[in-house]
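**Q** One structure follows; several queries about it will come next.
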Amino acid sequence: MKEYTVKQIKELEKNPYVYKVTKHKLYYTAKFKEDFWINYQAGNAPRKILSDFGFDLGIFGQKQIDSLVQHIKKQALAGNGFSEGENRTKRIPMRATSEEELSSPQSIERMQNEPLYLRQEVEFLKKIIIADNSGKRK
């Protein structure tokens, strides 16, 4: 089992996506899991997502990253939302369904972040198209 050093623990605790760090375990926020899942579904590699979210990739082994992806995927496909920390009952629902839920602060934040995410996605697709077109010209 991987053991985090004191320096790594302090570095991880600074990241807003980290809920809690112990010597042997790293707990992510529900927001991280949701954002990770959205990026992963958009085709981004787990290492790139972690890097984009401010994590030092030297801390993670491939097995740990694979495990993270599997846990997030399992929670996403279960349809109960994402859990946060050790408390498996504290969850952020994946989609708002009622009018009350749509006006909740979490839902409003999600809606505000969606255009930003879509802009990033469009920029990414533009880069792919440009790279593809430049490859055809040669």
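**Q** Hey, among the residues in region 37-46 that are surrounded by 13 or more Cβ atoms within 10 Å (Cβ to Cβ) and not hydrophobic (A, V, I, L, M, F, W, C), which one's nearest to LYS127 (Cα to Cα)?
**A** By that ranking, first place goes to ASN44.
**Q** For region 47-72, which residues satisfy the criterion of being out of contact with any Phe, Trp or Tyr (no Cβ under 7 Å at 6 or more places or on another chain) and under 18 Å from LEU125 (Cα atoms)?
**A** LYS48, ASP52
**Q** Taking LEU50 as the residue in question, decide whether it is modelled with pLDDT under 70, surrounded by 12 or more Cβ atoms within 10 Å (Cβ to Cβ) and among the aliphatic types (A, V, I, L, M).
**A** Details: modelled with pLDDT under 70: no; surrounded by 12 or more Cβ atoms within 10 Å (Cβ to Cβ): yes; among the aliphatic types (A, V, I, L, M): yes.
When the stated conditions are applied, LEU50 does not pass them.
**Q** Within region 53-79, count every residue that is farther than 19 Å from LEU12 by Cβ and surrounded by 13 or more Cβ atoms within 10 Å (Cβ to Cβ).
**A** Residues that pass the stated criteria total 3.
**Q** What tally of residues in region 3-36 results from selecting those that are in contact with a strand residue (DSSP E or B) (Cβ under 9 Å, 6 or more places away or on another chain), open to solvent by 40 Å² or more (accessible area, probe 1.4 Å) and either in contact (Cβ under 8 Å) with a residue 60 or more places away in the chain or β-branched (Val, Ile, Thr) (or both)?
**A** Total meeting the criteria: 3.
**Q** Kindly indicate whether any position in region 76-88 is modelled with pLDDT of 90 or more, assigned to a loop (DSSP other than H, G, I, E, B) and not hydrophobic (A, V, I, L, M, F, W, C).
**A** No; the residues of region 76-88 include none that is modelled with pLDDT of 90 or more, assigned to a loop (DSSP other than H, G, I, E, B) and not hydrophobic (A, V, I, L, M, F, W, C).
The values are calculated or read from the model by the stated rules, or taken from the named source; none is laboratory data. All of these numbers come straight from a predicted model, not from anything done at the bench. All Cβ positions, glycine included, derive from the backbone under ideal geometry; neighbour counts span all protein chains shown. Note: accessible area is taken over every heavy atom of the protein model, side chains too, but ligands, DNA and RNA are not part of it. Shrake-Rupley method; radii C 1.70, N 1.55, O 1.52, S 1.80 Å.
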